[in-house]
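A short worksheet on the structure shown next.
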């Protein structure tokens, strides 16, 4: 993974976001407000997932193809489906 620091920083922010959601539930906050925060956390996780998949495609798969390991690259790409 080439941008590990960026991914880890995003995950730390998401972790804080989830803790905030837990606090909202504990405080019996308005359901729509909690759901809005859950949706935001899910969107943030989706962005992390996209970044990880993009990194995998551009580095792991391309490297495998460049080094003549097409079979391994094909198997790797099927595992991410």
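Look at residue 61 and say whether it is within 21 Å of the chain's Cα centre (by Cα), at pLDDT below 95 and surrounded by 15 or more Cβ atoms within 10 Å (Cβ to Cβ). Spelling it out, residue 61 is indeed within 21 Å of the chain's Cα centre (by Cα), at pLDDT below 95 and surrounded by 15 or more Cβ atoms within 10 Å (Cβ to Cβ).
Kindly indicate whether residue 13 is part of a helix (DSSP H, G or I), without any contact (Cβ under 8 Å) to a residue 60 or more places away in the chain and under 10 Å from the mean Cα position of the chain (by Cα). No.
The values are calculated or read from the model by the stated rules, or taken from the named source; none is laboratory data. These numbers come from a predicted model, not from an experiment. Don't worry about glycine lacking a Cβ; one is built from the backbone with ideal geometry, like all the others, and counts go over all protein chains shown.
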